[in-house]
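S.K.: Take this structure first; my questions come after.
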Amino acid sequence: MNLDEVIQEMDDTVDDSSIPRRIRRALEKISTDLRGDNPDTAVKVTTAIYELEAVVDDVNIPMHAKTMLWDLISNLESIREE
């Protein structure tokens, strides 16, 4: 999976009304940051992973949302390792 596919997955999740609003807002910010001007992809991906981990640590997140966030983190980690 490449970075554009992960960003598209985030954008699709933002449109999912079953995901809590604050998670969707966080995903919008992360998606925008990943599209940003910083040419260093590793820095952008690492920052996104840390931000997603901070969101997923909340105990009040529904399990289906946590699973989706873990999938995004996993995809970003695979990109970072390339």
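S.K.: Which of these, Ala54, Ala42, Ala26, has the largest mean-square fluctuation under a Gaussian network model of the chain (Cα springs below 10 Å)?
M.R.: Ala54
S.K.: Would you mind getting me the FRET efficiency between Thr67 and Thr32? Use the beta-carbon distance for r and R0 = 25 Å, nearest 0.05.
M.R.: The formula returns an efficiency of 0.60 here.
S.K.: Output ³J(HN,Hα) for the range 5-17: one whole-Hz value per residue in order, computed from phi by the Karplus curve 6.51 cos²θ - 1.76 cosθ + 1.60 with θ = phi - 60°, and x for Gly and Pro.
M.R.: Using θ = phi - 60°, the values come out as 5, 5, 4, 5, 4, 5, 4, 5, 5, 4, 7, 7, 6 Hz.
S.K.: Please give the per residue volume of the convex hull enclosing the alpha carbon atoms of the chain, rounded to a whole number of Å³.
M.R.: Given the Cα convex hull of the chain, per-residue volume reads 77 Å³.
S.K.: Now for a separate question. Find how much the distance from Arg22 to Asn60 grows on full extension, using 0.36 nm per residue of separation minus their present alpha carbon separation; answer in nm with one decimal. Before the final figure, lay out each step's value.
M.R.: Working: separation 38, 0.36 × 38 = 13.68 nm, distance 1.14 nm.
Between Arg22 and Asn60, full extension yields 12.5 nm more.
S.K.: How large is ³J(HN,Hα) for each residue in the range 26-42, as worked out from phi by the Karplus curve 6.51 cos²θ - 1.76 cosθ + 1.60 (θ = phi - 60°), to whole Hz, x for Gly and Pro?
M.R.: 5, 5, 4, 5, 5, 4, 5, 5, 5, 7, x, 7, 4, x, 8, 4, 4
S.K.: Further question: Residue by residue, what Karplus-based ³J(HN,Hα) values in Hz, rounded to whole numbers, does the range 54-67 have, using 6.51, -1.76 and 1.60 with θ = phi - 60° and x for Gly and Pro?
M.R.: 5, 6, 6, 6, 5, 6, 8, 7, x, 4, 5, 6, 4, 4
S.K.: Sticking with the crude label model, points 7 Å out along Cα→Cβ, report the distance from Thr41 to Glu5 in nm, one decimal please.
M.R.: Label at Thr41, label at Glu5, 1.2 nm between them.
Each value in this text was obtained by applying a stated rule to the coordinates, not by laboratory testing. As the structure is a prediction and not an experimental result, all values here were calculated from the model. Here Cβ is always computed from backbone atoms with ideal geometry, including for glycine, and neighbour counts include all displayed protein chains.
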